Amino acid sequence: YLSVKNHTTTQIDEKLKFEAQKHRNELIIEKDTVFFVYKEEWLEREHFEIEVYPLFVELVDKTGRILNKSPNLLDKSLNIDLSKKESFIKNESFKDQTIRQIQAPLFYNDKIVGHLAVAASYGDTKLVLDALLDMLIILFPVLLIITFFTSKLISNVTIRPISKIANRVSEI
């Protein structure tokens with residue numbers, strides 16, 4: 001379970017890091033202003049439609065005022081922690097679903113001028129992990145009991161001839 005969880009989370013995190021870096025490279029930071037160079041990026045399908053694996057992007061200034069966000073966020077907003085001074089990744093609830101979100105502070109002259117947040121759906125992955133955990137919780141004890149009784153039966157069968165020899169020796 002932990003191996004599968006780690007692998008799937010790592011895959012999502014790598015995607016988020018890639019997207020955050022891609023969007024960070026499309027930013028211009030001037031004094032207290034942060035903005036996207038390529039507005040056409042927001043017209044890409046991944047930001048416009050709410051699809052199976054949507055990608056949400058939001059740019060805020062240092063006070064938390066939204067400067068720009070992907071159209072698929074509609075009237076909602078990502079949960080951005082303005083107190084963080086380093087990039088981090090966390091799970092969040094968003095529109096009754098679970099998302100995995102990376103947040104990166106944006107610096108100009110060693111001062112934070114804004115934050116970039118990129119999020120992707122984590123709901124399907126969470127469902128699979130929860131189902132796997134449920135199955136393991138049920139199957140592990142059942143398989144343990146089956147293994148115990150099977151091992152006991154096999155050991156009785158294999159020890160029976162040795163027991164007969166030991167009894168015969170005792171009689172002699």
- With every protein chain left in place, what is the accessible area of Arg24 in Å² (1.4 Å probe, nearest 10)? 80 Å²
- Task: Would you please state which residues of region 77-107 a label at Lys5 would reach in this model, taking the label point 7 Å out along Cα→Cβ and a backbone N cut-off of under 14 Å?
- Result: 91
- Provide the gained length on full extension for the span Lys90 to Ala131, in nm with one decimal, where the gain is 0.36 nm per separating residue minus the Cα-Cα distance. 12.6 nm
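Out of the total accessible area of the chain (probe 1.4 Å, heavy atoms of protein only), what percent is carbon and sulfur?
On the way: 6880 of 11440 Å².
The value for the chain is 60 percent carbon and sulfur by accessible area.
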- Where only protein heavy atoms count, and the probe is 1.4 Å, what is the accessible area per residue for the chain in Å²? 66 Å²
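Using the crude model of +1 on Lys and Arg Cβ and -1 on Asp and Glu Cβ, and no other charge, please compute the dipole size for the chain relative to its Cα centre, in debye to 20.
Values: 23 positive and 24 negative charges, 198 e Å.
So the magnitude is around 960 debye.
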- Note on the structure: Once normalised by the length of the chain, the mean sequence separation of its alpha carbon contacts under 8 Å that are 6 or more apart gives a contact order in percent of 21 percent
- Just name one of Ser163, Leu55, Val113: the one whose Cα is farthest towards the positive end of the charge dipole of the chain (beta-carbon charges, Lys/Arg +1, Asp/Glu -1). Ser163
- Query: Tally Lys/Arg at +1 and Asp/Glu at -1 over every other residue whose Cβ is under 15 Å from the Cβ of Thr63; what's the total?
  - Reply: +1
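The values are calculated or read from the model by the stated rules, or taken from the named source; none is laboratory data. A quick note: this is a predicted structure, and the numbers were derived from the prediction, not measured. All Cβ positions, even for glycine, are placed from backbone atoms using ideal geometry, and neighbour counts span all protein chains on display. Calculation scope for accessible area: heavy atoms of the full protein, side chains included, ligands and nucleic acids excluded. Shrake-Rupley method; radii C 1.70, N 1.55, O 1.52, S 1.80 Å.
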